[in-house]
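Have a look at the structure below before the remarks.
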Amino acid sequence: MRILLAGCFVLLACFGVVAQTRPSGDASLLRPTDSAYTDAMQFSRFLNQHNIVVKSIHRSKLESFFRGVNKAAFFETDKGILEVIFFPNNGAEKVSAMERRIRNDEGERNYIYSFRGQPQPNPPADIFIAARSMYFITHGGWLIVTLNETTSNAVKSLF
């Protein structure tokens with residue numbers, strides 16, 4: 001009986017260790033080993049200090065969208081979703097987005113966004129095609145992208 005009881009305790013202890021070391025189920029969450037981590041934490045602190053609560057930070061599909069700029073993060077906040085590309089040396093200020101509206105074959109409007117300035121997208125022909133407006137904010141080294149005007153206005157008001 002003692003051996004059985006001791007075996008149960010060992011088994012429970014093993015399950016406890018496994019439960020504590022199990023990785024998060026969301027592989028998209030930004031980790032300290034990601035290149036954008038330090039910049040994302042700084043941006044997160046900025047938002048939180050200005051009463052925009054950051055709920056989670058994830059890796060972004062915009063990593064390496066611009067040549068030589070490989071840091072980006074996706075932020076879920078209480079004001080909405082933001083994606084931020086982190087440029088060195090206040091480089092976001094050198095980039096501007098241009099919007100063009102077209103109608104597709106079904107008569108629906110599409111928005112096409114291209115970019116002017118340096119660095120160029122990677123490759124230079126990369127564009128965004130969206131079913132609705134996108135909002136771009138540049139401040140220092142941050143190029144902030146959102147699909148929501150209210151979220152955009154909340155962030156713009158911080159500058």
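Looking across segment 140-159 at every residue that is in a loop (DSSP other than H, G, I, E, B) and either aliphatic (A, V, I, L, M) or out of contact with any strand residue (DSSP E or B) (no Cβ under 9 Å at 6 or more places or on another chain) (or both), the one that is nearest to VAL54 (Cα to Cα) is identified as LEU158. Of the strands (runs of 3 or more DSSP E) contained entirely in segment 1-108, those carrying at least 1 residues that are loosely packed, with under 10 Cβ neighbours inside 10 Å and at pLDDT 75 or above fall at 54-59, 95-103. In the set ILE85, ILE137, only one residue is among the β-branched types (Val, Ile, Thr), touching a residue at least 40 places away in the same chain (Cβ under 8 Å) and closer than 29 Å to LYS55 by Cβ; that residue is ILE85. Do we have ASN122 as at negative phi and either touching a strand residue (DSSP E or B) at 6+ places or on another chain (Cβ under 7 Å) or exposed (fewer than 15 other Cβ atoms within 10 Å of the Cβ) (or both) here? Spelling it out, ASN122 is indeed at negative phi and either touching a strand residue (DSSP E or B) at 6+ places or on another chain (Cβ under 7 Å) or exposed (fewer than 15 other Cβ atoms within 10 Å of the Cβ) (or both).
Hey, among the residues in segment 120-139 that are part of a loop (DSSP other than H, G, I, E, B) and aliphatic (A, V, I, L, M), which one's farthest from ALA97 (Cα to Cα)? Spell out how you get there, then give the answer.
First, pick out the residues of segment 120-139 that are part of a loop (DSSP other than H, G, I, E, B): 120, 122-127, 131-134.
Then drop every residue that is not aliphatic (A, V, I, L, M), which leaves 125, 127, 131, 134.
Details: ALA125: 13, ILE127: 10, ALA131: 16, MET134: 10 Å.
Out of the qualifying residues, it is ALA131.
For segment 88-97, does any single residue satisfy the condition of being over 25 Å from SER28 (Cβ atoms) and free of Cβ contacts under 8 Å to residues at least 12 places away in the same chain? No, that holds for no residue. For segment 135-154, the set of residues classified as of a type outside the set (S, T, N, Q), over 17 Å from ASP39 (Cα atoms) and surrounded by 20 or more Cβ atoms within 10 Å (Cβ to Cβ) consists of ALA154 only.
The values are calculated or read from the model by the stated rules, or taken from the named source; none is laboratory data. What you see is a predicted model; the values in this text were computed from it and never measured. As a convention, Cβ positions derive from the backbone with ideal geometry for all residues, glycine included, and neighbour counts pool all protein chains shown.
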